[in-house]
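Heads up, the thing below is written out as structure tokens.
A short reminder: the numbers here are calculations on the coordinates, not readings from a lab. Note that the coordinates shown come from a computational prediction; the quantities given were computed from them, not determined experimentally. Virtual Cβ from ideal backbone geometry, glycine too; neighbours counted across all protein chains shown.
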Amino acid sequence: MARIIDRRFDSKGKSTVNRQRFMRRFKHQIRKAVSEAIHGRSIRDLDNGEQVSIPARDLSEPILHQGRGGIWEQVFSGNDQFSSGDQIKRPSGGGAGGGGGKGEAGNEGEHEDDFVFQLSREEFLDLFFEDLELPRLIRTQLACITDYKTRRAGFTSDGVPANINVVRSLRGALGRRLALGSPYHARLRELQQELDDALDELGEDSAPVLALRDQIGRVRAKIDNIPFIDSFDLRYNNRVKVPQPTTQAVMFCLMDVSGSMDEDRKATAKRFFMLLHLFLTRTYERIEVVFIRHHTVAQETDEEEFFHSRESGGTVVSSALVLMRDIIRERYANGQWNIYGAQASDGDNWQNDCAVSRDLLTQDILPACQYFAYIEITDGDPQNLWQEYESVRATRNNFAMQRIQSPADIYPVFRELFKKSLS
């Protein structure tokens, strides 16, 4: 009788394969549940997991069984409520056999609850951002942009003390001591056996016994002289740099914080940029984000001030475009960066500044950008900035415009701006 003993470690991720298989099999249902879930959550809660429900009927297994087949004729008892050809309405409520959770209890019928599946944070965001990308992403200067990642590559006998691998060094020292001391230990056992025999035959003070004791002492001294650890035993963690071509990208986020942008519109713009920021930092390992707030004067800020500062004023959109142009020329003008821009405004710009903003966009910004997206947050008619930008959209294929009338439009507009290209 053969016995098989499984001595593999019980890893924490032992169900990962089954989980991934389940998600591949029911990907359509899970994606539909995720789409329904995101409409009911705040942008601040987007970076969390989600508990989704999959209808039990979608989990049913296809089976082969014998059908009734043929033509069947059955006779049912008559009634005083229905005649031939009448349509019978579906019973309302959750009574007998309903299973809807409401109404009176019944003694008939069966119902199976929906299957509840808990998505982790990473799984939820992967599904949410699955069909999105930065449009027109080009590996600019790919041959010149090489990123190096440090990777473990075994052990080496040379290195700095900070990289010493203690376990491997002690293991080597132990092996060396065993190898060098093995002949001495064998000789020591032989001498010890001869000493025992001599003591039984000749006594404690005989010359052969004293000679054997002297030899045993010299052999033990040789064993003791074997160093516990030697420089030859030291092993260091070896790390090598592996070249990995990469793409450098920078995203400019421009937000209007003028007086015409009330708190609701600013909140909508903040939610859009928070979603964009989350998307970028998750999707690309090497990307920089530049935050620019503007009213009459533009200012580059950090993320905290960009989203939470309460400074306000008039509206001069060109100030933000000028600052973006200057930053591009100062930091990203070497041709090795993919440059993207996103601008949020209510479209109410100083009238004399609209043409200036259009010229800056067409002459300075768009030639340097792979993609530029403009969103106008207003529930009324298009404003003067939108009308000025429409001429740009007609002539530039790397420029896109969308309008957001309410927070419910944020997700559809975002997905429309950054959906994957079919080409």
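So between GLU204 and ASP86, what do we pick up on full extension, going 0.36 nm a residue minus the alpha carbon distance? Walk me through the intermediate numbers first.
Working: separation 118, 0.36 × 118 = 42.48 nm, distance 12.17 nm.
Extra length available between GLU204 and ASP86 comes to 30.3 nm.
Based on alpha-carbon positions alone, could you give the equivalent ellipsoid semi-axes of the range 161-237 from the gyration tensor, as √(5λ), descending, whole Å?
On the way: eigenvalues 299, 20, 9 Å².
Listed largest to smallest, the semi-axes of the range 161-237 are 39, 10, 7 Å.
On a full-extension model of 0.36 nm per residue, what is the gain between GLU304 and GLU190, subtracting their alpha-carbon distance, rounded to one decimal in nm? It would help to have the intermediate numbers written out before the result.
Details: separation 114, 0.36 × 114 = 41.04 nm, distance 7.90 nm.
Gain on stretching GLU304 to GLU190: 33.1 nm.
Using only alpha carbons, build the gyration tensor for the range 318-423 and give me the equivalent ellipsoid semi-axes, biggest first, whole Å.
Numbers: eigenvalues 100, 70, 28 Å².
Taking √(5λ) for each eigenvalue gives 22, 19, 12 Å, largest first.
Of all beta bridges DSSP finds with both residues in the range 246-417, what is the antiparallel percent, to the nearest 5? It would help to have the intermediate numbers written out before the result.
Details: 4 of 31 bridges.
Antiparallel: roughly 15 percent of the beta bridges in the range 246-417.
Amide H of ASN238: which non-local residues (sequence gap of 5 or more, or other chain) have their own amide H closer than 5 Å, using H built in the peptide plane?
Those lying under 5 Å, H to H, from ASN238 are ALA153, GLY154, PHE155, THR156.
Pull out the extension gain between VAL160 and THR362, defined as 0.36 nm times the separation in residues minus the alpha carbon to alpha carbon distance; nm, one decimal. Can you show the working numbers first?
Numbers: separation 202, 0.36 × 202 = 72.72 nm, distance 5.51 nm.
Extending this stretch completely gives an extra 67.2 nm.
Listing LEU323, LEU278 from the residue with the fewest other Cβ atoms within 10 Å to the one with the most, what is the order? Before the final figure, lay out the partial values.
Numbers: LEU323 20, LEU278 16.
Ordered from fewest to most neighbouring Cβ atoms within 10 Å, LEU323, LEU278 come out as LEU278, LEU323.
Hey, could you get me the Stokes-Einstein D for the range 235-388, Kirkwood radius over alpha-carbon pairs, 25 °C and 0.890 mPa s, rounded to whole µm² s⁻¹? Could you put the intermediate results ahead of the total?
Numbers: Rh = 16.5 Å.
The Stokes-Einstein estimate is 149 µm²/s.
Near the amide H of ASN349, under 5 Å away, which other amide H atoms are found, from residues 5 or more places off or on another chain, if H is placed in the peptide plane?
Amide H neighbours of ASN349, under 5 Å, 5+ apart: ASN384, LEU385.
Give the order of HIS294, HIS28 when sorted by the count of other beta carbons within 10 angstrom, beginning with the fewest.
On the way: HIS294 25, HIS28 9.
Sorted ascending by nearby Cβ count, the order is HIS28, HIS294.
Would you work out the relative contact order for the range 246-417, in percent, from Cα pairs under 8 angstrom that are 6 or more residues apart? Present the calculation step by step, with values, prior to reporting the outcome.
Working: 290 pairs, mean separation 42.2, N = 172.
In percent, rounded to a whole number, it is 25.
Taking the Cα centre as origin and putting +1 on Lys and Arg beta-carbons and -1 on Asp and Glu beta-carbons, what dipole magnitude results for the range 161-237, to the nearest 20 debye? Walk me through the numbers on the way to the answer.
Details: 11 positive and 12 negative charges, 190 e Å.
Dipole size: approximately 920 debye.
Using the Cα centre as the reference, give the magnitude of the dipole from point charges on the C-beta atoms of the range 246-417 (Lys, Arg: +1; Asp, Glu: -1; all else neutral), rounded to the nearest 20 debye.
Values: 16 positive and 26 negative charges, 114 e Å.
Dipole size: approximately 540 debye.
For a label point 7 angstrom out from the Cα of GLN351 toward its Cβ, which stretches of the range 368-392 have the backbone nitrogen within less than 14 Å?
Residues 384-385 qualify, since their backbone N sits under 14 Å from the label point.
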